[in-house]
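All remarks here apply to the structure that follows.
The values are calculated or read from the model by the stated rules, or taken from the named source; none is laboratory data. Keep in mind it's a predicted model, so treat the numbers as computed, not measured. Glycine gets a Cβ as well: all are built from the backbone with ideal geometry, and neighbour counts include every protein chain shown.
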Amino acid sequence: MDSRVSFIDFENKDARLLDAYSQTITGIAGKASQSVVHIQVDKKVHDRRTNKQAIVPASGSGFVISSDGYIVTNHHVIEDADKVTVMFSDGHVLQAELRGADPSTDIAVLKIYDVNLKTLSFANSDLLQAGQIAVAIGNPLGLQYTVTAGVVSALGRTLRAKNGRLIDDVIQTDAALNPGNSGGPLVDSSGNVIGVNTATIPSAQGLCFAVSSNLSSFIAGKIIIDGKVNRAYLGIAGQLVNLTERIIAVNKLQKKTGVYIFEKVADANVNNNELRTGDIIVEFDDKPVGSVDDLHKLLQQETVGMRKSIGVLRNGYKAMISVTPGAMK
């Protein structure tokens with residue numbers, strides 16, 4: 001057997017495989033880029049030198065999800081925006097209105113008025129698997145319509161939002177993201193959105209994150225219908241505290257920590273009269289509470305206005321009381 005023929009066959013096979021991968025990526029980019037927008041924002045910021053408000057330009061990415069002009073992006077892209085404009089890949093520019101935003105998931109929805117808009121569809125992120133192709137499209141550092149490819153590195157991550165709440169169901173990817181990619185789509189090999197690019201870790205390489213498509217589409221739907229996402233709260237300020245082994249054993253607690261209430265906030269929408277400063281919350285609606293994050297997860301929209309039982313430690317012993325959560329403003 002001629003070794004040269006074997007080498008040529010191997011080389012051609014590699015070329016065909018590489019070509020197939022390239023065709024997949026270029027096909028995704030060609031399909032999705034028409035729906036991806038470059039978002040330009042004028043933000044109001046406080047100038048400490050002059051003690052006055054100043055307008056500072058910023059930019060990010062977004063993508064069209066409906067033919068009537070709804071665009072999904074990140075909350076931090078449009079936060080404190082005085083003016084928002086979007087530019088499409090063909091160069092035409094439109095002014096956008098802010099429909100609403102949810103800081104707790106870093107998702108926002110814009111509205112534009114135009115015709116013949118190309119849209120992107122959300123995929124079911126529950127079906128994702130680590131290792132599958134992930135393509136990010138956006139405008140990193142102002143470089144418009146940049147495509148980066150990688151894989152889904154991990155699923156089910158959590159990420160801390162700017163308001164302190166945890167964003168659940170976050171996708172980790174090694175598709176390179178930079179400032180300006182925020183709000184752009186992370187898409188699969190079919191060109192469907194599997195996540196909304198939201199964050200990177202500057203000190204690390206290949207650690208980038210996107211809010212999953214299932215969570216993003218749910219939040220976007222709530223914003224489009226109601227203009228916001230309603231969440232419950234108790235009108236308290238709390239912090240995590242460690243519990244002693246004796247207290248855990250005596251009260252048969254499932255967690256080693258609780259939420260210490262150091263302040264009650266007066267609010268007409270919340271009935272928290274039975275709560276006291278100094279109480280340690282260890283249970284809500286028959287579910288164990290070990291941290292503020294645990295409490296946030298349990299305080300969903302469905303609990304607003306509903307009388308709920310809550311377990312607190314007083315003088316070392318568990319007491320059951322009632323609260324009625326209100327809607328977060």
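Laid out as a table, the results:
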read-out	value
Matching option when the condition is within 20 Å of residue 161 (Cα to Cα) and in the same structural domain as residue 315 (by TED's automatic domain parsing), among 240, 207	240
Options 122, 88: the member that is at pLDDT 95 or above and either of a type in the set (Gly, Ala, Ser) or crowded, with 19+ Cβ neighbours inside 10 Å (or both)	122
Residue list for the stretch 228-247, restricted to those being buried (at least 17 other Cβ atoms within 10 Å of the Cβ) and in a loop (DSSP other than H, G, I, E, B)	229, 231, 234, 235, 243
Of residues in the stretch 55-87 being among the small types (Gly, Ala, Ser) and assigned to a strand (DSSP E or B), the one nearest to residue 103 (Cα to Cα)	81
Residue among 130, 134, 154, 176 that alone is on the phi < 0 side of the Ramachandran plot, buried (at least 20 other Cβ atoms within 10 Å of the Cβ), touching a residue at least 12 places away in the same chain (Cβ under 8 Å) and not charged (D, E, K, R)	134
Candidates 259, 282, 250, filtered to the one that is more than 18 Å from the chain's Cα centre (by Cα), surrounded by fewer than 20 Cβ atoms within 10 Å (Cβ to Cβ) and touching a residue at least 12 places away in the same chain (Cβ under 8 Å)	250
Odd one out for residue 145, checked against (1) under 12 Å from the mean Cα position of the chain (by Cα); (2) within 24 Å of residue 98 (Cα to Cα); (3) hydroxyl-bearing (Ser, Thr, Tyr)	(1)
Check on residue 182, among the polar types (S, T, N, Q), outside any strand (DSSP E or B) and surrounded by fewer than 22 Cβ atoms within 10 Å (Cβ to Cβ)	no
Residue check for residue 104: in a loop (DSSP other than H, G, I, E, B) and in contact (Cβ under 8 Å) with a residue 40 or more places away in the chain	yes
In the stretch 231-263, residue farthest from residue 309 (Cα to Cα) [restricted to those that are of a type in the set (A, V, I, L, M, F, W, C) and in contact with a helix residue (DSSP H, G or I) (Cβ under 7 Å, 6 or more places away or on another chain)]	240
Residue 56 vs. criteria surrounded by 15 or more Cβ atoms within 10 Å (Cβ to Cβ) and modelled with pLDDT of 80 or more	no
Counted residues, the stretch 188-227 - those being without any contact (Cβ under 8 Å) to a residue 24 or more places away in the chain and either among the acidic types (Asp, Glu) or assigned to a loop (DSSP other than H, G, I, E, B) (or both)	5
Where residue 100 falls short, out of the listed (1) under 18 Å from the mean Cα position of the chain (by Cα); (2) within 16 Å of residue 188 (Cα to Cα)	(2)
The stretch 71-80, residues that are over 13 Å from residue 106 (Cα atoms) and crowded, with 20+ Cβ neighbours inside 10 Å	71
Strands (runs of 3 or more DSSP E) wholly inside the stretch 255-329 containing at least 1 residues that are under 30 Å from residue 245 (Cβ atoms) and basic (Lys, Arg)	257-264, 308-314, 317-323
